[in-house]
Structure formats: structure tokens, C-alpha cells
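First up is the structure itself, then whatever we jot down about it.
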Amino acid sequence: MRRTPAIAALAAIALAVVGCSSSSSSSSGAGGGSSSSASGKTVDIYSSLPLQGASRPIGISLQNGIDNEDRIADVIGAEHVVGGAAYILGSVTEPGVVDAAGPRSIVIGELSGERSERIAAIQEVGARAGLGVGLADDIRVALWEKYVLLVAFSAMTGTVRLPIGAIRDAPAAKAMLEALMTEVWAVGRAAGVNLADGLVAQEMQRLLSQHDGASTSLYHDLVTGHRMELEALQGAAIRIGREHAVPTPNLDAAYAILQPWALRNERPVEERVPTPT
């Protein structure tokens, strides 16, 4: 495993470097809904940035979740928002540093689907820094593809408190992982996202090919007592499913198991119920 600067910092770098891009394009939000931990952090970050001096600020979130773009748009305007997703397996070991494993990539795209000058400029800035930035033809599809994998994977690692190797070796757990992915995929399709028919099989293959110790940040946050992304991941998927009358029984069960931990980790350490030893 290799120590790298935290991937979340890339959003701030992109905003600072290309905040006065030569062009802008309008884009519309989708989704919406209740507050979540990752989205709450997103709003806090963008609310605190000194954007008034930038003629054409560009906001990109690489945080987990599916509604970050809408919440950034509420702060800086939808016309200034570009979609983005980071693909990385890792965990935060100290502020500003992650332990990263497996393939790493970033994709961005206009929410409208057009290939604008400003996303080309961001790609160029990344290339100059040695950072490969891909341009998605449909960033909403890219965001949901990641979401399908992450919601299911984090639900399983969190509920069983074991990495992918143990899940892969347990037939019932492996089947539940696939069932979770299928539910989130169905929610995305119902929400109008053009997710491929074979996406679940593709993402299952991707996950099961990872090294035995591969896990998720939600699992890491659970066991280390940090604030969890339960509402941004499983909670949002359940909410969107209900909005479109898509049942999510496996996801509901995982959420019920994880919610006590999420609520516990939001409390001050001295107020938390002790865990059995």
C-alpha cells in the first residue's frame, strides 16, 4: 500500500486552479432530498470558500454520495457545478493522508453531457500535475456506477466487519453483496439513469478480484469511531428507492444494522455506550 495525499483535496485543487475558466455552461441538478453526512460536509466546504472574487468558479465534489452536485449547486449555482467521481480503495490514516490500494482514477463531466472547454481545462491541469482525469460522456452514469458498487460493498463490510476476502469466501455473504448491488442498480434505473444491464455482474467481478484485505471507508469509520457516511450511501439509496417505489429489503436490513453505530459515532466519545470486550 502506498501513502498518497488525500483524494478529497483534489476537489479544492481543481476549484482553486481553474476557478476562473475561460468558459462556463449551464447544468441542471437531479435528485435532491434530505441531508447526509458527506453532503453536509460538502455544503460546509463550499459555503466557507471565498468564491465572490472568482468570475467563473467551478465546484467539483469527489466525495462519496449521489447528491453532492445538487447541494453544491444550492450554494454556488448549478451553472458552476461539474460532476466528478474518484475511484480508489483506501482509508484515512491521519488528516490529509490515505493508505491507497488498487487502481486509482478520476472522471469528471458536465451534468448536461456536453464536452465543454472548462472540463477540458481541468483535464489539462490534471495532466500537468501527473494526474489522469477522464472525461465521462454521461457523468450521472459514472456517479451511479460507483454508487452501486460502494453502497453494496460498504454495507457488507460494515455489517460483517470483515474485508472482501471473507465476504468472497462465504456464499451467503457473497450472494447478499450481489443482491445489494442489484437493489441499488434498480433504484438508479428507476431514477432515469441509463445503467447498463450487465453492470452488477461487472462490478461484482471488479470487487471479487480485489486483494483479500480490501475494505471501505465506512467500515474504517465504524471501527475507529469516526462519523460514518450511512445517510449519504445507504440512506440516500433507500430514500430514492421509496420515491420511485423500488423495494430495497436487503439495503433496509443493512441500514438497520449500521444505524446504531452511525448514531453512536456522532456522539462525543465520553457519551458513547461502551462496546462489549
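When GLY96, GLY165, GLY113 are screened for being touching a His at 6+ places or on another chain (Cβ under 9 Å) and either surrounded by fewer than 20 Cβ atoms within 10 Å (Cβ to Cβ) or more than 22 Å from VAL200 (Cα to Cα) (or both), only GLY165 passes.
The sole residue among ALA196, ALA232, ALA201, ALA245 that is small (Gly, Ala, Ser), in the same structural domain as ILE167 (by TED's automatic domain parsing), modelled with pLDDT of 95 or more and not in a loop (DSSP other than H, G, I, E, B) is ALA201. Take ARG128 and tell me if it is over 17 Å from the mean Cα position of the chain (by Cα) and assigned by TED's automatic domain parsing to the domain that holds HIS220. Judged against the criteria, ARG128 is not a match. Return a yes/no flag: does the stretch 209-226 have any residue that is out of contact with any helix residue (DSSP H, G or I) (no Cβ under 7 Å at 6 or more places or on another chain), surrounded by fewer than 21 Cβ atoms within 10 Å (Cβ to Cβ), hydroxyl-bearing (Ser, Thr, Tyr) and under 30 Å from THR277 (Cβ atoms). There is at least one residue in the stretch 209-226 that is out of contact with any helix residue (DSSP H, G or I) (no Cβ under 7 Å at 6 or more places or on another chain), surrounded by fewer than 21 Cβ atoms within 10 Å (Cβ to Cβ), hydroxyl-bearing (Ser, Thr, Tyr) and under 30 Å from THR277 (Cβ atoms). For ALA256, are the conditions met, namely being within 15 Å of LEU180 (Cα to Cα) and part of a helix (DSSP H, G or I)? Yes; evaluated as a whole, the condition is true for this residue. Filtering the stretch 222-277 to residues that are over 19 Å from TRP144 (Cα atoms) and among the basic types (Lys, Arg) leaves ARG227, ARG264, ARG267, ARG272. Within the stretch 125-151, the set of residues being part of a helix (DSSP H, G or I), at pLDDT 90 or above and farther than 12 Å from GLY84 by Cβ comprises VAL141, TRP144, GLU145, TYR147, VAL148, LEU149, LEU150, VAL151.
The values are calculated or read from the model by the stated rules, or taken from the named source; none is laboratory data. Everything numeric here is computed off the predicted structure, so don't read it as measured data. Here the Cβ is made from the backbone with ideal geometry for all residues, glycine too, and neighbour counts use every protein chain on show.
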